[in-house]
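Single-structure report; data block below.
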Amino acid sequence: MSDAPPQLSHPDKVLYPEAGLTKADLWHYLERVADRMLPHVAGRPLTLVRYNRGVDGDGFVQKNLPASAPAWLPRHVEWTPSSSRSVAYALAEKADDLRWMANQNALELHEMLVTADRDDRPDLLVFDLDPGEGSVTAPVAAHRLREVLDELGLVAAVKTSGKRGLHLVVPIERRYDFPTARGFGLGVARACADRHPDDLTVAMRKADRGDRLLLDWSRNGQAQTMVAPWSPRATPTGTVSMPITWDEVGDDLDPAAFTLTTALDRPDAWATLPAPQPLERAIAALQRAGYDLADEHARGGGPAGAGRRPRPDPA
């Protein structure tokens, strides 16, 4: 374990051959984006996806920091019952932390939906819109899901996934456990899919989806992550997960336009996010509509609407 500040090694190593982007480009991008990125990732345990030979080589997921990680790098140690060991997750609190990750060839940073000081209470909900083979697009699905959230009194921010999809992110008050958050996310996704059953689904198994777009609610579980806003992605062109405004969410949206070289040429769409929101009224509204908010799909997906109970006859 070293106390030395981060140094850029092998700056000319090509990490994105198609785009001609090097390790130095990654380093300088994370350096420049720090002021925008750190407010969103600070305090959140991070999983790094590293590509030591660039995007054309094999990557690997790193949750546990290596013994060589510098002593000054902040970390969050968490016991994982599934593997019966403690895992030291990296945290990013300052630009040097991001520089160190760049020097580790970390082409993706994935954040938990909790902060290290309260890792049993999520403060974000996320819906990952994963396009299928059908005609409905991620922007169309995003507006349909936003309509449901609006009716429930919840405000969502939106960003690209850095690939084909979109992420809707809802800041919530840090009072709810993971089963509550995950079950609620499933209920919201079901309510939206039930309105558009030919186009949208909550089914996690690909065989059950057909060509419908998946409203992926499952990332709201414990230890789940989403790619961090502003994080690069391991794509040939060096795309990033870009915060955008709702006015930009249309059929002409091109997620591939946001790259390491273009991302900072635009205003910060997430300079101000919605305040953390309570869920009680939204939960009650879904239950009145007949949705069972138990996390029934933890063992696998089912058809949209599978968790809806018939409304009782009026008294």
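Quick notes on this structure:
- Note on the stretch 205-264: Cα Rg divided by 2.2 N^0.38 Å, N the number of residues, gives 1.37.
- Residue separation of Glu93 and Ala24 scaled by 0.36 nm, minus their Cα-Cα distance, works out to 22.7 nm of gained length.
- R0 of 35 Å, Cβ-Cβ distance Ala275-Arg164: FRET efficiency to nearest 0.05: 0.70
- Dipole of the chain, positive direction: furthest Cα of Tyr291, Ala156, Leu8, with charges on the beta-carbon: Tyr291
- Here the extension length gained between Val155 and Asp247 equals 31.7 nm, from 0.36 nm per residue of separation less the Cα-Cα distance.
- Most simply put, the chain has about 95% antiparallel DSSP beta bridges, counting only bridges with both residues inside it.
- Convex hull volume per residue for the chain, taking Cα atoms only, in Å³: 140 Å³
- Remark: the chain carries 44 Å² of accessible area per residue (probe radius 1.4 Å; ligands, DNA and RNA excluded).
- Sorting the segments 155-168, 123-136 by their mean number of nearby beta carbons within 10 angstrom, highest to lowest, gives 155-168, 123-136.
- Local electrostatic count, Glu280, Cβ distance below 10 Å [Lys/Arg +1, Asp/Glu -1]: +1
- Counted over all Cα-Cα pairs of the stretch 111-205, pairs farther apart than 22 Å make up 29 percent.
- FRET efficiency estimate (nearest 0.05) - Cβ-Cβ, Lys206 to Ser82, R0 25 angstrom: 0.55
- R0 of 25 Å, Cβ-Cβ distance Arg266-Asp120: FRET efficiency to nearest 0.05: 0.10
- Neighbour net charge for His10 - beta-carbon separation under 15 angstrom, K R +1, D E -1: +3
- Local electrostatic count at Pro74 - Lys and Arg +1, Asp and Glu -1, tallied over other residues with Cβ under 9 Å: 0
- Nonpolar atom fraction for the stretch 121-264, defined as the carbon and sulfur part of the 1.4 Å probe accessible area, stands at 45 percent.
- Rounded to the nearest 500, the helix-only mean residue ellipticity at 222 nm of the chain stands at -7000 deg cm²/dmol, with each DSSP H run of n ≥ 4 adding -39,500 (n - 2.57).
- With the simple spin-label model, which puts each label point 7 Å out from Cα in the Cβ direction, the Asp177 to Arg32 separation comes to 4.6 nm.
- When the residues Arg266, Arg195 are ordered by accessible surface, computed with a 1.4 Å probe over the protein chains alone, the sequence from largest down reads Arg195, Arg266.
- Computed P(r) (all Cα pairs; the stretch 82-158; 5 Å bins; percent): 3, 10, 14, 14, 15, 16, 12, 11, 4, 0
The values are calculated or read from the model by the stated rules, or taken from the named source; none is laboratory data. These figures come from a predicted structure and were not determined experimentally. Because the Cβ atoms are built from the backbone with ideal geometry, glycine has one as well, and the counts that use them run over all protein chains shown. These accessible areas exclude ligands, DNA and RNA; they are computed on the full protein's heavy atoms, side chains included. Shrake-Rupley method; radii C 1.70, N 1.55, O 1.52, S 1.80 Å.
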